[in-house]
1. List the relative contact order of the range B:45-181 as a percent without decimals, with contacts defined as Cα pairs under 8 Å and 6+ residues apart.
2. Could you state the angle between the C-alpha long axis of helix B:78-94 and the longest principal axis of the C-alpha atoms of chain B, as a value from 0 to 90 degrees rounded to the nearest 10?
3. What FRET efficiency comes out for B:Val176 versus A:Trp108 if R0 is 30 angstrom and r is the Cβ-Cβ distance? Round to the nearest 0.05.
4. Quick one: grab the alpha carbon gyration tensor of the range B:31-118, order the square roots of its eigenvalues as a ≥ b ≥ c, and give me rounded if a/c is under 1.5, else prolate or oblate depending on whether a/b is larger than b/c.
5. Rounded if a/c is under 1.5, else prolate if a/b is larger than b/c, else oblate: which is the range B:117-180, with a ≥ b ≥ c the root eigenvalues of its Cα gyration tensor?
6. With angles folded into 0 to 90 degrees, how steeply does helix A:139-149 sit against the dominant principal axis of chain A? Use alpha carbons for both and round to 10.
7. Take the alpha-carbon centre of the range B:147-181, take the same for the range A:1-57, and report the distance between them in whole Å.
8. What is the sum of charges, Lys and Arg at +1 and Asp and Glu at -1, for the other residues whose Cβ falls under 15 Å from the Cβ of A:Thr59?
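Rule-based calculations on the coordinates, nothing more; no lab input. A quick note: this is a predicted structure, and the numbers were derived from the prediction, not measured. Here the Cβ positions follow ideal geometry from the backbone for every residue, glycine too, while neighbour counts run over all protein chains shown.
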Amino acid sequence: MNRPARRLAWIGLGVIVLGIVVGIAWPSPAESRSEHVRRLALEFRCVDCEGLSVAESATASAAEQRRDIGVRIDRGETDDDIRSAYVELFGENVLLRPATNGVGVLVWALPIGVVLLGGIGIFVALRRWSRQPRLVSTDDDDALVAELRMPHHDD
Amino acid sequence: MKHPLRWAALAVGVVVAIFAIILAVNVGTDPRADLNTSRLLGKPAPDFSLTKFDGTELKRSDLAGKTVIINFWNSWCRPCRDELPVLQQWYRAHRTDESVVMVGIPRDDSTRAIRQAARDDQMSWAVANDQGAKSATLAFATRGQPESFVISPRGIIVGSVLGPLTPATMDQMVRVGKRNG
């Protein structure tokens, strides 16, 4: 890869990284109460059902939990307060997403660790390969190639 | 180790090994097991406010000083129907014991179906609708039906069973409740 192309590739990579960072950090528009309730309800497992969240379930207990989440939001409880209250009531497994503390952090950290280590490995390997000396043809080699390219007259 | 690649390979190997250990430990365990054990055992019973079919209100404070059996059920629930003869038999044997109260609370049912089931099945104990401002279904963190709790006279939850009760379980839970009174 020549220098301008390499520079262009770095600029492209920078733009992509910047785009991702801005996309994540950009403040989202204000959330309505019902959106807030739904977002939290999606995090909790419906205790009566198999594999459904409180937001998706049609059972009376799930409806009661959605109402309760709304009441707690109105009372000024934070998302973490509400999560803690439900974990206190039903246990850690009421959370559909693993917790981000204790052993649960492994579930998040290990895949990221694998990707990071893989990326570092690829980076190191590419750097090593790019440092290997390139073969440069000598004058003798060039003369040989020129000779071979010359038209041959057998007769 | 001189080569960074070997370090990276070793690190990836360690991470994969951790994954394998976690997988091996968790294979065969029920991820919902945590949900199958009430976390309210040994804690004060939550407040509740229910409306009985005669229109009167039933609050936790009304039951203070008594051993209370709370049974969550539904008229359409098969295991609840299977449990019913046990409840009827136990209630008949203890109905004169004024220190024990039994309350049936439907979890997810229509008032009409509850009324009919209570009448047809001769539920002589208190059956109350859980439609008050404080939901007992959620306050007791119920996980299905039938599910029963025993509250001691001091207001502590001393027993909890998810699934149909047996006469022996009922006797044992009430005994524990009275002992903790």
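1. In percent, rounded to a whole number, it is 35.
2. Result, in degrees: 50.
3. After rounding to 0.05, the efficiency reads 0.10.
4. Note, shape of the range B:31-118 comes out rounded.
5. Judged from the Cα gyration tensor, the range B:117-180 comes out oblate (a/c at least 1.5, b/c at or above a/b).
6. For A:139-149 against chain A, the angle is about 80 degrees.
7. 47 Å
8. -4
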